[in-house]
Amino acid sequence: MFSAAVRRSTEGRHRDAERATFLGDLVGGKLPLAGYAGMVAQHHHIYAVLEEAAAVMRTDPVAGAFVHDGLTRLPALEADLVALLGPGWRDQAPASAATLRYADRLREVCFDWPGGFVAHHYTRYLGDLSGGQYIASAVRKGYGTTATSFYVFDGIGSPAQFKTHYREALDAAPWSADERRRIVDEVLIAYELNIAVLEDLGREFSAGQAA
Ligand code: HEM
C-alpha cells in the first residue's frame, strides 16, 4: 500500500519534526503568545501558495481527488492573525528565510507536477488533522487564546474518517513505482522545509536557543 509506504519512509523525519524545540515549547506553554502568532504567520505565507496550487490542481484528473474545500485554511489563518495581531497583522508577520525557501519549493513543484502537489498537500493537511489537533488544545489551554480556527476543520466530517479516505486515495492513484519514489522524496523535502521553519521560529522565540 502506497499510503503505508509513505508513512513508513518518512516516520523518522516526522519524529524530528514532532521533536522540534519550538513545538515542545509551544505545547508546554513556555513561549510568549507572540511565538504562537509567529507560527501562524509563517503558516499564512505557506498556505497562501499551497492553496493557490490547489485552485490550479483541482481540475487535474489525479491530484484533483485530494483537493477538498473543507481543507482550505487561508480564511481561518487570516481570522487567527487578526485575533492575535490586530487588523495591521500583515505588517507584523514577515516570512522567515526558511518560509521563503518553503514557498519557493511549493511554487517550483506544486503547480505543474500533480505528484509534487500531493506530496506537499499530504504533509501539511494530514499533519494538521493529526498532531495539529493536539497542538490546538495545548495552545487553548496554555495561552488562553481561542485564535486556533486553523485547526478546526468543520467542513470535512470526522477527521479520522477523512484521513482513511485520503490514504485510500493515495493507494488508488495511478502512479508508477518510479513516480511513487519521487513523491516519497518530495514528502521528505516537505518535512525538511517544515523542520527548518520550526528552527527559525525556535531561534526567534525559544529561550536558550542562539539567535
Ligand atoms: C506536536 C507535534 C506533532 C505531534 C504530536 C504529531 C502527532 C502525530 C500523530 C499521532 C499522527 C498519527 C495520526 C493518525 O494515524 O491518525 C501524525 C500523523 C502525521 N503527522 Fe504529525 N505530529 C506532530 C507534528 C507534525 C508536523 C510538524 C508535521 C509536518 C508538517 C506532521 C505531519 C504529519 C503527517 C503528514 C501525518 C500523517 C502520517 C500518515 O498517516 O501517513 N506532524 N502526527
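Numbers for the structure displayed
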{"read-out": "Single match in F162, F153, F205 (criterion: of a type outside the set (V, I, T), over 17 Å from the mean Cα position of the chain (by Cα) and modelled with pLDDT of 95 or more)", "value": "F205"}
{"read-out": "Which numbered condition D25 fails, given (1) within 21 Å of T146 (Cα to Cα); (2) more than 15 Å from the ligand (Cβ to nearest atom); (3) open to solvent by 20 Å² or more (accessible area, probe 1.4 Å); (4) in contact with a Gly (Cβ under 8 Å, 6 or more places away or on another chain)", "value": "(2)"}
{"read-out": "Tally of residues being within 17 Å of the chain's Cα centre (by Cα) and either more than 24 Å from Q42 (Cβ to Cβ) or not in a helix (DSSP H, G or I) (or both) across region 60-84", "value": "4"}
{"read-out": "Count of region 134-146 residues which are modelled with pLDDT of 95 or more and more than 12 Å from H43 (Cβ to Cβ)", "value": "9"}
{"read-out": "Members of region 79-132 that are among the acidic types (D, E), open to solvent by less than 10 Å² (accessible area, probe 1.4 Å) and away from the ligand (no atom under 16 Å from the Cβ)", "value": "D80"}
{"read-out": "Test result for L170, within 12 Å of the ligand (Cβ to nearest atom), open to solvent by less than 50 Å² (accessible area, probe 1.4 Å) and under 14 Å from the mean Cα position of the chain (by Cα)", "value": "no"}
{"read-out": "Filter result (more than 10 Å from the ligand (Cβ to nearest atom), in contact (Cβ under 8 Å) with a residue 40 or more places away in the chain, surrounded by fewer than 16 Cβ atoms within 10 Å (Cβ to Cβ) and in a helix (DSSP H, G or I)) within region 133-146", "value": "K141"}
{"read-out": "Those residues of region 11-22 which are near the ligand (Cβ under 9 Å from one of its atoms), surrounded by 19 or more Cβ atoms within 10 Å (Cβ to Cβ) and assigned to a helix (DSSP H, G or I), in sequence order", "value": "A17"}
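The values are calculated or read from the model by the stated rules, or taken from the named source; none is laboratory data. No experiment lies behind these values; they were computed from the predicted model shown. Note that each Cβ is placed from the backbone with ideal geometry, even for glycine, and that neighbours are counted across all protein chains shown. Just the protein is used for accessible areas: all its heavy atoms, side chains included, with ligands, DNA and RNA removed. Shrake-Rupley method; radii C 1.70, N 1.55, O 1.52, S 1.80 Å.
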